[in-house]
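The structure under discussion is supplied below as structure tokens; questions concerning it will follow.
The values are calculated or read from the model by the stated rules, or taken from the named source; none is laboratory data. Keep in mind the model is a prediction, meaning the values are calculated, not measured. Backbone-built Cβ (ideal geometry, glycine too); neighbour counts: all protein chains shown.
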Amino acid sequence: MLTKADIRLVRSLADKRARTDEGLFVAEGGKLIGELRASTLRIRRIYALDGVFAGEDVTTVSPKEMERLSLLKTPSDSLALVEIPRRRLDPAKLRRSLVLALDDVQNPGNLGTIVRLADWFGIGDVVCSEATADCFNPKVVQATMGAILRVRVHYCDLEAYLAAERAAGTPIYGTFLEGDDIYRTQLSPTGIVLMGNEGRGVTPACAAQVTRKLFIPPYPAERHATESLNVAMATGIVCAEFRRQASAGR
């Protein structure tokens, strides 16, 4: 039976502080919850319309009750409370792979899309500045389309992380208007790809740690085009070129 306390708890999780205090995030939709049930993440409780899910952890609710629970504009058929996983950042381990680093990316839709891109291109870890949007924000979770279950998202002092990795010899790439044409640059199969804030780009402190600046040229190169690309769109282009070159070099 759904209680007022249940509704208060679920609604409170729209706020980052409540998610941190409770150690829970909200996931909505049958497909996503089905993936959650098959993953290693622990589901605390599922609220679902009649016939959608069954089990001891399921509370059946009416369509009207789901409207009161849902954090989406259009309520889905089910909603789950999921325990936030504790993931340790191991820089030494990450040096053997390609890593995305996000410098104050604040739009939830952009972050969710980037996590989804990371999953598509086989990038298992995304390292974020502390000012980057919370990956367990309901809008981010929905935008990842399930990728949040497979991609490890870490938050840290990004400048310090990049400085330590540069000192360790890790290649650090970033996108800049004054960078080298990405399609004419030899890219390493491992390293860090740094993407910046939607409006400001990469902060000067993090830019100082970049070892190779890249530029995504318009087509044709001499044509006057829009000033910049959306950060999620740019991330997709950069990741595709890194993976294309890695595959060509096999």
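Condition check ((1) out of contact with any Ser or Thr (no Cβ under 6 Å at 6 or more places or on another chain); (2) farther than 24 Å from L13 by Cβ) across all residues:
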| position | (1), (2) |
| --- | --- |
| A48 | no, no |
| V52 | no, no |
| G55 | yes, no |
| T59 | yes, no |
| P63 | yes, no |
| L71 | yes, no |
| T74 | yes, no |
| V82 | yes, no |
| A92 | yes, yes |
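Still on this structure, I have one more. So in segment 89-110, with the set limited to residues that are in contact with a helix residue (DSSP H, G or I) (Cβ under 7 Å, 6 or more places away or on another chain) and farther than 18 Å from D157 by Cα, which one is surrounded by the fewest Cβ atoms within 10 Å (Cβ to Cβ)?
Among those residues, the one meeting the criterion is G109.
Answer with yes or no whether I148 is over 24 Å from D21 (Cα atoms) and of a type in the set (V, I, T).
For I148, the condition - over 24 Å from D21 (Cα atoms) and of a type in the set (V, I, T) - is not met.
Of all the residues that make up segment 143-184, how many are touching a helix residue (DSSP H, G or I) at 6+ places or on another chain (Cβ under 7 Å) and within 14 Å of L117 (Cα to Cα)?
Result for segment 143-184: 10.
Assuming V193 fulfils every condition listed in (1) out of contact with any strand residue (DSSP E or B) (no Cβ under 6 Å at 6 or more places or on another chain); (2) under 17 Å from Q245 (Cα atoms) apart from one, which condition is it?
Looking at each condition in turn, V193 falls short on (1).
Kindly indicate whether any position in segment 52-68 is under 20 Å from D134 (Cβ atoms), touching a Phe, Trp or Tyr at 6+ places or on another chain (Cβ under 7 Å) and surrounded by 15 or more Cβ atoms within 10 Å (Cβ to Cβ).
No, there is no match, as no residue in segment 52-68 is under 20 Å from D134 (Cβ atoms), touching a Phe, Trp or Tyr at 6+ places or on another chain (Cβ under 7 Å) and surrounded by 15 or more Cβ atoms within 10 Å (Cβ to Cβ).
Can you tell me which residue among T211, T203 is among the polar types (S, T, N, Q), surrounded by 15 or more Cβ atoms within 10 Å (Cβ to Cβ) and farther than 17 Å from V105 by Cβ?
The match here is T211.
Enumerate the helices (runs of 4 or more DSSP H) found wholly within segment 1-89, keeping only those where 2 or more residues are outside the structural domain of D125 (by TED's automatic domain parsing) and under 18 Å from F136 (Cβ atoms).
It comes to 4-12, 16-22, 30-38.
Another one. Quick check: is even one residue across segment 138-160 outside the structural domain of L13 (by TED's automatic domain parsing) and without any contact (Cβ under 8 Å) to a residue 24 or more places away in the chain?
Checked against the condition, which is being outside the structural domain of L13 (by TED's automatic domain parsing) and without any contact (Cβ under 8 Å) to a residue 24 or more places away in the chain, segment 138-160 yields at least one hit.
Here's a check for you: in segment 129-141, which residue that is outside any loop (DSSP other than H, G, I, E, B) and touching a helix residue (DSSP H, G or I) at 6+ places or on another chain (Cβ under 7 Å) is surrounded by the most Cβ atoms within 10 Å (Cβ to Cβ)?
By that ranking, first place goes to V141.
Additional query: Among the listed residues T144, T113, identify the single one that is touching a Lys or Arg at 6+ places or on another chain (Cβ under 9 Å), crowded, with 22+ Cβ neighbours inside 10 Å and at pLDDT 95 or above.
Testing whether each residue is touching a Lys or Arg at 6+ places or on another chain (Cβ under 9 Å), crowded, with 22+ Cβ neighbours inside 10 Å and at pLDDT 95 or above leaves just T144.
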